[in-house]
Every structure is written in C-alpha cells, then in structure tokens.
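Written out below as structure tokens is the structure these notes cover.
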Amino acid sequence: MSVKAIQLGQVWRNDASGQNFLVTKLYSEVFAQFAMLRHADATAATTDTVRIKVQKTPEGATLPGYTFTQDSQDF
C-alpha cells in the first residue's frame, strides 16, 4: 500500500513479523530516500533502528515489506 508521502511519526507494520514500527527519520542519499524505523512499543529504547529504502511509484511512496497501518483500525 502506498501513501502520498512518508512522514515522521507514521506507523508501519512489518509484513513478516507483524510488529509495528515508527518512522523516526527521513533522509536522502544521491538518488534514493531512506526511512529510519524504530519499534513502536516499550522496547523502542533498547532495540536497534531499521533502515529501509523508500520505494516511489506513480501512486505514491511505500516501504517494501511494510504496510501503512493508520488507514486500518487494527493497530
């Protein structure tokens, strides 16, 4: 699922594990944009961040392997 733009504070669910992740940083490197994700639970302070390359499509932007959760009511 794609969104118009990936923004700080959005919550995305990992498709493999079902865990929720919070977008904490967005940055660009040459021709690519990356999102830094952190667990959206009580272990966030002790776990590592995850770096994901933003995939852009004509419909918008998405994070491969993740689903945007704020459109659904089950987060």
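For A40, are the conditions met, namely being surrounded by 10 or more Cβ atoms within 10 Å (Cβ to Cβ), of a type in the set (G, A, S) and closer than 14 Å to V3 by Cβ?
no
Restricting to region 56-75, count the residues that are touching a residue at least 40 places away in the same chain (Cβ under 8 Å) and open to solvent by 90 Å² or more (accessible area, probe 1.4 Å).
Restricting attention to region 56-75, the residues satisfying the condition of being touching a residue at least 40 places away in the same chain (Cβ under 8 Å) are 57, 59-63, 65-71, 75.
With open to solvent by 90 Å² or more (accessible area, probe 1.4 Å) added as a condition, the list becomes 59, 71, 75.
Residues flagged as touching a residue at least 40 places away in the same chain (Cβ under 8 Å) and open to solvent by 90 Å² or more (accessible area, probe 1.4 Å) within region 56-75 amount to 3.
The values are calculated or read from the model by the stated rules, or taken from the named source; none is laboratory data. Bear in mind the structure is a predicted one, so any value in this text is a computation, not a measurement. As a convention, Cβ positions derive from the backbone with ideal geometry for all residues, glycine included, and neighbour counts pool all protein chains shown. These area figures cover heavy atoms from the full protein model, side chains too; ligands, DNA and RNA do not enter into them. Shrake-Rupley method; radii C 1.70, N 1.55, O 1.52, S 1.80 Å.
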